[in-house]
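To keep things clear, I will list the structure first and then write my remarks on it.
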Amino acid sequence: MAKRDYYEVLGLGRDASEDEIKKSYRRLAMKFHPDRNPDNPKAEESFKEAKEAYEILSDANKRAAYDQYGHAGVDASAGGQGPGFSGFADAFGDIFGDIFGGGRGRSNVYRGADLRYNLEVTLEEAARGTDTKIRVPALEECETCHGTGAKPGTQPVSCPTCGGHGQVRMQQGFFSIQQTCPKCHGSGKVVPTPCSTCQGAGRVKKHKTLAVKIPAGVDEGDRIRLSGEGEAGANGGPPGDLYVVIHIRQHAVFTRDHNDLHCEMPISITTAALGGEIEIPTLDGSAKIKIPAETQTGKIFRLRGKGIKGVRSAQFGDLLCHVMVETPVNLTARQKELLEELEAISASHEGHHNPRAKSWMDKVKEFFSA
């Protein structure tokens, strides 16, 4: 059975443009696709016929040969393939790839890369929130050529190697291998006269200053996303995002544990033994703590609500003060004399004045006598 004219198959005239050929094929492929017409051999044949016509007429070289010699001019260049030889996957690549931006001639359109910026803030800034500015390097669309890569007044042209498809087909016997065009790297376009600003890349390296709002309660490792502030996309692709990663500077007094704050609170032996009142700092000012008599090192005093309210928290954390009884240094002769007198008095009632030491020594004696 003689093959129908390819233009007739697609319902087009011989002066049809590349876009008209693509649109017609897309319409017929959707109409006759086997998945939409199960158990309909005629629809499958129409699908294969439309695919074969599109493969020839969408290729500039094959179309020229077909226009001049008809079917005889393209049978060899088509690699002896029957209609639909390469399977339905190619058809999906032609139709749905074009619809969703991944088809031929568009494989070089890329979204810009995401960027990361490490921002160090103080504990106070993290707790209360702040506004700051950062300066970041990035690839941005060239203002001279508006991302085309071509010198103003000129335009990129269809790649002569792949005919603007972004892919080339290599014949090996009965098998046909399709790969990215080495000339245009899949874009389907080449730039005869490159832009002098970006040297044909379409993007240039720049530094930009951005305002960043740090929300109250951010913690170590939290990320703030600045949409569209990453690198510019290639060949008209969308820009990437910028992620600002929070790092909290070490604080002189506090350490943070999620929404709680911790601090070490040194007190004198006298205050620990007799009790008293001390003043400690908080993020909101100062607060007073009553130290009961006979307080030991390691005791923790909790101040409710004096911590940090996290970004996703409903209430403030706590401030936990860890008591550290400080041994006095640089003693005067009189101070030493008084401590020696205290030691002598306490020695006769060791178990009463130093119960933990007495208990520990008893355990040591039991260990060695066992």
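The values are calculated or read from the model by the stated rules, or taken from the named source; none is laboratory data. All of these numbers come straight from a predicted model, not from anything done at the bench. Ideal geometry is used to build each Cβ from the backbone, glycine not excepted, and the neighbour counts take in all protein chains shown. Areas reflect the complete protein model, heavy atoms only, side chains present, ligands, DNA and RNA absent. Shrake-Rupley method; radii C 1.70, N 1.55, O 1.52, S 1.80 Å.
Among residues other than Gly202 with Cβ under 13 Å from its Cβ, the summed charge is 0 (Lys and Arg +1, Asp and Glu -1). Loop-located trypsin sites (Lys or Arg not before Pro) in region 207-273 (DSSP state other than H, G, I, E, B) with a sparse environment of at most 14 neighbouring Cβ atoms within 10 Å: Arg249. Need one word for region 187-343: rounded, prolate or oblate. Basis is the Cα gyration tensor (sqrt eigenvalues a ≥ b ≥ c); a/c below 1.5 gives rounded, then a/b vs b/c decides. The shape class here is prolate. Ligands, DNA and RNA excluded, the heavy atoms of Ser286 present near 80 Å² of accessible surface to a 1.4 Å solvent probe.
The charge dipole of region 165-286, taken about its Cα centre with unit charges on the Cβ of Lys, Arg, Asp and Glu (plus for the first two, minus for the last two), comes to roughly 1540 debye.
Dipole check for region 236-321: with +1 at the C-beta of Lys and Arg, -1 at the C-beta of Asp and Glu, and the Cα centre as origin, the magnitude is about 160 Debye. Remark: accessible surface ordering of Ile224, Ile308 (largest first) is Ile224, Ile308, probe radius 1.4 Å.
The local environment of Val190, defined by Cβ-Cβ distances under 14 Å, has a net charge of +3 under the rule Lys, Arg +1 and Asp, Glu -1.
Remark: accessible surface ordering of Lys48, Lys299 (largest first) is Lys299, Lys48, probe radius 1.4 Å.
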